[in-house]
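Notes follow once the structure below has been shown.
The values are calculated or read from the model by the stated rules, or taken from the named source; none is laboratory data. Keep in mind that what you see is a predicted model, and the values were worked out from it rather than measured. Here the Cβ positions follow ideal geometry from the backbone for every residue, glycine too, while neighbour counts run over all protein chains shown. Just the protein is used for accessible areas: all its heavy atoms, side chains included, with ligands, DNA and RNA removed. Shrake-Rupley method; radii C 1.70, N 1.55, O 1.52, S 1.80 Å.
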Amino acid sequence: MCGIVGYTGRREATPILLEGLRRLEYRGYDSAGLATISGNCLHLRKKAGRLAELVRLVSDKPAPGTLGISHTRWATHGGTTDVNAHPHLGGNNLVAVVHNGVIENYAVLKAQLEAEGYVFRSQTDTEVIAHLIAHFYEGDLLEAVRKALARLKGTYGLAIVSPRHPGMLIGARFGSPLVVGLGEQEMFLASDPSALVGYTQRAVYLSDGQLCVLTPGTWEILDRDRSVVEASVHAIDWELEDVELNGFDHYMLKEIYEQPEALENAMRGRLDDTDATAHFGGLNLSPRRLRQVDRIILTGCGTSYHAGLVGEYLFEELSRIPVEVEYASEFRYRNAPIDQNTILIAITQSGETADTLAALREAKRKGVPTLSICNVVGSTIAREADGGVYLRAGPEIGVASTKAFTSQVLVLTLLALYFGRMRHLSATQGARIIEELKSLPDLVRQTLECQETVQQVAAKYYQVHNFLYLGRQYLYPVALEGALKMKEISYIHAEGYPAAEMKHGPIALVDENTPSVFLVPRGAVFDKVISNMEEIRARSGPIIAVTTPGCKDAVCRADDVITIPEAPEYLQPILAVVPLQLLAYHVALLRGCDVDKPRNLAKSVTVE
């Protein structure tokens, strides 16, 4: 979950490292630090707090050199102090190390190293790695790293430099992502390709158990036995403007407004008017094999899990295939029976989420075909799945996911259409769905016009301590997602429920200071949800209705109304979630919260 940036080349490293950390600060912002090497001198600068603290420190006390590593931290071991910030040094300033991951046997290794006379200054597991490399060093830095890695249990993404080896940058990966950027007489290392945008468009993604050795003019990918591994070079197709704010106050708001274009990108080239179906280039499973599927498992975490819940309704309605949605963190430890005609679809924005990756690997161990729905090209889950679909949503920087959710739901809709056309959907039905999908980006643009109304609602309720979110059928997962957004960035307690479940317990929470957000557009269960609204109204609970124009029954029962355009029920989740994203955003602003970097959270969860 931490951010790593490394550089070796002809330019001063510090500005490149700081710019890379700025782009990766969403991966951790408890502390930040860097180490550079000029000649035989190692310069260490690190500071607790946000990246701005490190920038001030480096401004007062520069760190020269054309070789360097840097890190922005999400704490796992030890508090948020200057001493615990990365990089950590091993030996007598022999090596500097930054680390993403968790070393499970660090306590045993620490005791052994202390018995050898090594002095520890931090509470982190990372310092063990630095001293262990120093312990094995006999003039060959790569060999020392290799021997140290053999002693580690856990996960790691590492960047390592030494003043004894000016110009050399070593990386190692096991369970935590690393990507090498290839430049002209300069090389880059990062935990996320967004740090490389604007510096290079060529990248190599490390796999588990691999190391990289970088110098300004050379790069090698090695296995643990030091054998050279052939590696594919991937294109980074993001532009610099994709990772900048472009006039918006926050990345989250920018990404909310990017949703129409993200949806267009997700559909581009995938709608087949001739055969009235969807078309995919990377499923890598034959139509014959896919026709045999009689059960689908959707798995993910957080927002991706909620997208999977929408997917359950989509597949069962459009494809008539039974679906189970599993938290990835639970599936990996269950011994769930899986038959030969089941497939697993892993849903993830980053493609590096540790629990989702473990669930994917567990399914593969059991011989289950796997697909991924992922946003990051070349990510671990995208590479390890048998096939998959990229979201094409562009980089998502805000910690609270927005455009990835709607893109995931859209891709699940396309897949449900694809499976449905292979089974029972007629060409006429498929053509109708395609036309409805084509109108979706413009419907989202219309939905975004609700922002002024949402701001007024936020100003009315931003001081409450609890929110309830209620929906039925397709909109129940959206209620969960709306509640999650509110929790993530405003720190207000919020819960999502199926609207009919209120009377089975949660209605005890309702009072005049607990607003209930009802998702009640016109649809099959509209009248049922109206009855649920009456139950809240009878107990003096404030009601915020997200509904479609002309729904007088909803309007007359609500204290506040936010409208979204008319749409088929299976597309309503993509529209209904937009005002909930905006509501969380504006409530958080009014409460003085850091929207893009909420406390205790990081964007890509690569630890268990």
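Mind jotting down the three principal axis lengths of region 187-295 based on Cα atoms? Whole angstrom, largest first.
Answer, in whole Å and largest first: 52, 47, 25 Å.
Please report the relative contact order for region 27-183, taking Cα pairs under 8 Å with a sequence separation of at least 6, and give it as a percent rounded to a whole number.
23
Counting alpha carbon pairs within less than 8 Å and at least 6 residues apart, what relative contact order, in whole percent, applies to the chain?
After rounding, I find 12 percent.
Can you work out the PRE-style zone for residue 317? Point 7 Å along Cα to Cβ, and I want the residues of region 392-409 with backbone N under 15 Å.
Taking a point 7 Å out along Cα→Cβ of residue 317, the residues of region 392-409 whose backbone N falls under 15 Å are 409.
When averaged across all projection directions, what area in nm² does the alpha-carbon convex hull of region 175-223 cover?
3.1
Solvent-accessible area of residue 257, probe 1.4 Å, all protein chains present, reported in Å² to the nearest ten, please.
Answer for residue 257: close to 70 Å² accessible.
Please work out the ratio of the alpha-carbon Rg of region 61-206 to 2.2 N^0.38 Å and round it to two decimals.
1.03
Rounded to the nearest 5, what is the percent of antiparallel bridges among the DSSP beta bridges in the chain?
Counting only bridges with both partners in the chain, antiparallel ones make up about 65 percent.
With only alpha-carbon atoms in the gyration tensor, what are the semi-axes of the equivalent ellipsoid for region 354-505, in Å, largest first?
Output for region 354-505: semi-axes of 31, 22, 18 Å.
Label residue 115 and residue 11 with points 7 Å out from Cα along Cα→Cβ: what is the distance between them in nm?
Result for the modelled spin labels: 4.8 nm.
Treating the Cα atoms of region 75-147 as identical point scatterers in vacuum, please give the log10 of the normalised Debye intensity I(q)/I(0) at q = 0.12 Å⁻¹, two decimals.
-0.28
By how many nm would the segment from residue 123 to residue 540 lengthen if fully extended, with 0.36 nm per residue of separation less the alpha-carbon distance?
Stretched out fully, the residue 123 to residue 540 stretch lengthens by 145.0 nm.
About the Cα centre of the chain, what is the dipole size in debye to 20, counting +1 per Lys and Arg Cβ and -1 per Asp and Glu Cβ, all else neutral?
My answer is approximately 820 debye.
Hey, rough spin-label estimate for residue 324 and residue 218, points 7 angstrom out along Cα→Cβ, what's it come to in nanometres?
With each label point 7 Å from Cα toward Cβ, the separation is 5.2 nm.
With viscosity set to 1.002 mPa s at 20 °C, what whole-number translational diffusion coefficient in µm²/s follows for region 13-139 from Stokes-Einstein and a Kirkwood radius over Cα pairs?
So the translational diffusion coefficient is about 145 µm²/s.
Leaving ligands and nucleic acids out of the surface, order 457, 229 by accessible area at 1.4 Å, largest first.
229, 457
Which number comes out as Rg/Rh for region 35-86 once both Rg and the Kirkwood Rh are worked out on C-alpha atoms?
Radius of gyration over Kirkwood radius for region 35-86 works out to 0.99.
So how many Å³ per residue does the convex hull of the Cα atoms of region 455-557 work out to?
Dividing the Cα hull volume of region 455-557 by its residues yields 94 Å³.
Go from 0 up to the bin containing the longest alpha carbon distance in region 240-314, width 10 Å each, and give me the % of pairs per bin.
Using 10 Å bins, I get a P(r) of 13, 29, 37, 16, 5 for region 240-314.
Give me the Kirkwood hydrodynamic radius of the chain, using the inverse of the mean 1/r over all pairs of distinct Cα atoms, in Å to one decimal.
It works out to 25.3 Å.
Which of 588, 188, 418 sits farthest toward the positive end of the charge dipole of the chain, with +1 on the Cβ of Lys and Arg and -1 on the Cβ of Asp and Glu?
Result: 188, furthest along the dipole toward the positive end.
So, counting K/R as plus one and D/E as minus one, what does the shell of residues with Cβ under 9 Å around residue 66 add up to?
Around residue 66, the charge tally is 0.
Could you please report the charge total around residue 34, scoring K, R as +1 and D, E as -1 over all other residues with beta-carbon less than 9 angstrom from its beta-carbon?
Local charge sum for residue 34: +2.
Please work out how much accessible surface residue 165 shows to a 1.4 Å probe, ignoring ligands, DNA and RNA, in Å² rounded to 10.
40
Say R0 is 35 Å: what FRET efficiency, to the nearest 0.05, do residue 143 and residue 44 get from their beta-carbon distance?
After rounding to 0.05, the efficiency reads 0.90.
Hey, what does the equivalent ellipsoid look like for region 535-608, semi-axes from the Cα gyration tensor as sqrt of 5 times each eigenvalue, largest first, whole Å?
After scaling each eigenvalue by five and taking roots: 30, 18, 12 Å.
Given the Cα-Cα distance of residue 512 and residue 556 and 0.36 nm per residue of separation, how much length would full extension add, in nm?
Full extension from residue 512 to residue 556 adds 14.1 nm.
On a 1.4 Å probe surface of the protein chains, which of 465, 493 comes out largest in accessible area, and what is the full order?
Descending accessible area places them as 465, 493.
Once Lys and Arg get +1 and Asp and Glu get -1 on their Cβ, which of 546, 234, 248 lies farthest toward the positive end of the dipole of the chain?
The Cα lying farthest towards the positive end belongs to 234.
Could you check how much of the accessible area of region 223-354 is carbon and sulfur, as a whole percent, using a 1.4 Å probe?
Reported share for carbon and sulfur atoms: 44 percent.
How much accessible surface area, in Å² rounded to 10, belongs to the heavy atoms of residue 274 with a 1.4 Å probe?
Accessible area, nearest 10 Å²: 130 Å².
In Å², what does the accessible area per residue of region 539-580 work out to with a 1.4 Å probe?
Ligands and nucleic acids excluded, the figure is 32 Å² per residue.
Give, in nm to one decimal, the length gained when the segment between residue 273 and residue 522 is fully stretched (0.36 nm per residue of separation minus the Cα-Cα distance).
86.8 nm
State the Cα centre-to-centre distance between region 465-527 and region 60-93 in whole Å.
Rounded to whole Å, the Cα centres lie 43 Å apart.
Taking the Cα centre of region 437-530 as origin, sum charge times position over the Cβ atoms of Lys and Arg (+1) and Asp and Glu (-1), and report the length of that vector in debye to the nearest 20.
With only Lys, Arg, Asp and Glu charged at Cβ, the dipole is about 240 debye.
Accessible area, 1.4 Å probe, largest first: how do 74, 219, 238 sort?
Solvent-accessible surface, decreasing: 219, 74, 238.
Averaging sequence separations of C-alpha pairs under 8 Å and six or more residues apart, then dividing by the length of region 260-378, give the relative contact order as a whole percent.
The normalised contact order for region 260-378 reaches 24 percent.
Need one number for region 1-72: average projected area of the convex hull over its C-alpha atoms, nm².
Quarter of the Cα hull surface area: 4.1 nm².
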